[in-house]
Amino acid sequence: VDPAIHSILDISRQEGDNIDYDISLSFITTGNYTWSISSDLECISGDPLDISVLSDVDGKPGAKITGKPDWSAGGSGSETYTIDIDVSDGEHGHTSTSFVLTVNNKDPTFSLAHDTLTINENIDISNWVSLIIETSGSNISDYEWDISSNPTLPCSSGYELSINNMGKITGTPYWSAGGTDSIDYTITVSIDDQFDGESNVSFVLTVDIVDP
């Protein structure tokens, strides 16, 4: 007589999140069960796809499924994976089933020290970022950063608008950047975790003219 696994619902998780899913038997045989799990899902090093015995899930023997999908597992949007489960009772009774895990891509997010900034011409911008949601790394330097301006911010040679790998934004507006009074520039900062996780934040930089 084979044991039976209770119907397993399909689930979804974000990249980097623990699957943490309990399943149970719907028909009990000997009570001495061995569980196994398999899938082509790639997981973060140190948090592999695994299944462990639970003595009581809603009053019946069961198991806990764990593992953290890798930062590439969600692709550019989401990817689906078939998770195969097998259980044997040690007395030649066994059964198997499967469910679908959808892994959603997770975007890193960040904030800026200044949402708006007003400076004079020939003064360094001096703004910086702080991580809010981490994905592939816990340090600002683990990510690729980019910066742009609309309209294009004219800067002094050698002091162009830039962001370094520690998230510091610098740049020295040229003497023409303030126009005849002042000009607003939308500065957009972008983050990329190199696993299709991306986001951007903008701030308004007002550059005031400096009269001789």
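The values are calculated or read from the model by the stated rules, or taken from the named source; none is laboratory data. What you are looking at is a predicted structure, and each value in this text was computed from that prediction instead of being measured. For neighbour counting, all protein chains shown are included, and Cβ atoms are generated from backbone atoms with ideal geometry for every residue, glycine included. Ligands, DNA and RNA are stripped out before the accessible areas are found, and what is left, the full protein with its side chains, is counted by its heavy atoms. Shrake-Rupley method; radii C 1.70, N 1.55, O 1.52, S 1.80 Å.
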For the chain, with +1 on Lys and Arg beta carbons and -1 on Asp and Glu, the positive-most of Gly137, Leu161, Asn150 along the dipole
Gly137
Relative contact order (percent, whole number), the chain, Cα cutoff 8 Å, 6+ residue spacing:
19
Charges at C-beta only: +1 for Lys and Arg, -1 for Asp and Glu. How large is the resulting dipole of the chain about its Cα centre, in Debye rounded to 20?
220
Students often check this: by mean Cβ neighbours within 10 Å, which of 63-75, 149-161, 12-24 ranks highest, and how do the rest follow?
63-75, 12-24, 149-161
Accessible area per residue in Å² at 1.4 Å probe, computed on the chain
52
Residues of type lysines that Lys106 reaches as a straight line, Cα spacing below 19 Å, ignoring anything fewer than 8 places off in the same chain
Lys68
Quick one: ranking Ser45, Ser98 by accessible area, 1.4 Å probe, largest first, what do you get?
Ser45, Ser98
In terms of the alpha carbon gyration tensor, root eigenvalues a ≥ b ≥ c, rounded if a/c is under 1.5 and otherwise prolate when a/b exceeds b/c or oblate, region 4-121 is prolate
Would you check the accessible area of Val100, probe 1.4 Å, heavy atoms only, in square angstrom rounded to 10?
50
How much of the accessible area of region 70-180, probe 1.4 Å, is carbon plus sulfur, in whole percent?
43
Relative contact order (percent) for region 104-143, with alpha-carbon contacts under 8 angstrom and 6 or more residues of separation?
46
Ignoring ligands and nucleic acids, what accessible area does Ile183 show with a 1.4 Å probe (Å², nearest 10)?
60
